[in-house]
Structures are given as structure tokens and as C-alpha cells.
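A.B. asks: Here it is, the structure, as C-alpha cells.
Nothing in this text is a laboratory measurement; each read-out follows from the coordinates by a stated rule. Since the model is a prediction, treat every value here as computed from it, not as a measurement. Neighbour counts run over all protein chains shown; Cβ positions are idealised from the backbone, glycine included.
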Amino acid sequence: MSKKLKLFLGISYLLILFTFLYFIFLQIEISRLNDFSYYKELQLGIDNLIGDKLYINLLIFFVFSIVWVALLGFGTPLLIISGILFGKWVGTFASVVSISVGALILYAIANFFFKDLVNKLLEKKFSKYISLFKKNEFYYFFIFRLTGGLGLPFPLQNTLPVIFNMKKINYFFASILGFMPSMFIMVTIGSGINKFIKQSDSFSLMNLIFSKEIYLPVVFFIIFLLISLLIKKKFFNV
């Protein structure tokens, strides 16, 4: 494929990205973000919508999440939203699979269109990990995912394996397994937020924080972060 065609397709991809984000944020009533009744209305509408057509809405969430991650979107908003929409168990399954697919698509796009650029920007900085990943790319990428991607922004985590020339099947399944613990915790927080909105008549930050549906997963998340730091130090010397 010629450089001109690659450049054209790359620019088209970026235009699609910004157009997609524009229409997403266009749907949000910015002026009502500080109005708790706005969230009550959204929560009621969501419950009615999901309850009537669960499988259709799961499919919509899958497609949206895949596109969102493939277009450089961050994972955390999707995890919170999936917990609000589907609860912690179904939400975790939907999030882990769809985000892993979206990340795989982003990796494939970066590897095909932007491989030279990614190598130029990242290869020198992360050169000490190249030989490590090549020893057992599945194992070390699983640890990489499990520990939060060394603290890198999520889109960068998804494109970094370009410099390792990682096999797509290893990328996908290592992502699924590595994502599960942290994503389950974040989805549980989203589910707790939904329950708090449903049961409360007004917003109180302290009541939200000290709701067991929120503080318990937060405590587990902090413990998970501490364990991740130890794992990163052991395997990546970070």
C-alpha cells in the first residue's frame, strides 16, 4: 500500500474519531450536569429502556464500546456506564469483551497505518521491555494488563505492543484475562452509583462515598493498586 493511501486512510480515521466524539457530547445536557434530578431522570429512563430490551441494548453497548475504544477512547467511562446499565456481573462481561475487541482493533489499526510513527515515538523509551516481551509475549502482556499498563494512558497501552510486533491472538486473550479484576471493581462502582441514585432524593457526596456499594469496591481497588505496584516492581522493575 502506498504512503499516500496510508496517509489518506489515517486522516480519514482521525476525522471519524473527532466526528464521533462531537456527536456523543452533543447528546449531553451540559447545563443540567449539576442538577441531581437530571440524573434521576436518566436513571429512570435507563431502567425502563434496559428492562424492555436487554439483549438489544447489550448489543448496542458492545458496538458502541468497540468503536469508542478503537477511536482512542478511555476505558473507565465505559466501565462505570456498564455498571449503571447492566449491573456488576453482566456489566463486567460486556465491558471486558467489548473493550478487549476495541483495543485489538485499535492495535491492528496502529500496527498497519502508524507502525513507523509508533516505533519512532515509543521504541526508544520502552526499549528495555522489548526483549522481555519477546521471551513470552502472552505472559508479560497479561501482567502488563493486570497491573494497569504501567500507568500509561489507555490508548497508549493499546498501541504500545506495536513495538513488540505482538500476535493478535495473544494480545486479545491476554487483555481479557488481565482486564477482569480491575474492570470488575470499576463496574461494581458504577452499579453502586446507580443504586445510590435510585434510592436517594438528593445528592450528598459523603452519603455517596460511605455507601457500602461504593466504599467497599473502592477499598478493594486501593488494595488491588498496592498489589499491582508490587507486581510491577517484580516483573518490570518500575
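A.B. asks: For a quick size check, give me the Cα extents of the stretch 81-140 along its three principal axes, largest first, whole Å.
C.D. replies: Taking max minus min along each principal axis of the Cα atoms, the stretch 81-140 gives 42, 26, 16 Å.
A.B. asks: To the nearest 0.05, what FRET efficiency results for LEU230 and LYS53 with a Förster distance of 35 Å applied to their C-beta separation?
C.D. replies: 0.20
A.B. asks: To continue, here is another question. Please arrange GLU123, GLU137 by counting, for each residue, the other beta carbons lying within 10 Å of its beta carbon, fewest first. Spell out each step's value before the answer.
C.D. replies: Details: GLU123 13, GLU137 19.
Least to most surrounded, the residues fall as GLU123, GLU137.
A.B. asks: Can I ask one more? How would you rank LYS232, LYS124, going from fewest to most other Cβ atoms within 10 Å of each one's own Cβ?
C.D. replies: Numbers: LYS232 19, LYS124 9.
Placing the least packed residue first, the sequence is LYS124, LYS232.
A.B. asks: Can you compute the charge dipole magnitude of the stretch 59-130 about its Cα centre, using +1 on each Lys and Arg Cβ and -1 on each Asp and Glu Cβ, nothing else charged? Give it in debye, rounded to the nearest 20.
C.D. replies: Details: 6 positive and 2 negative charges, 54 e Å.
In total the dipole reaches around 260 debye.
A.B. asks: When a footprinting reagent is the concern and you count Cβ atoms within 10 Å, what order do LEU230, LEU106 take, fewest first? Before the final figure, lay out the partial values.
C.D. replies: On the way: LEU230 10, LEU106 21.
Ordered by Cβ neighbours within 10 Å, fewest first: LEU230, LEU106.
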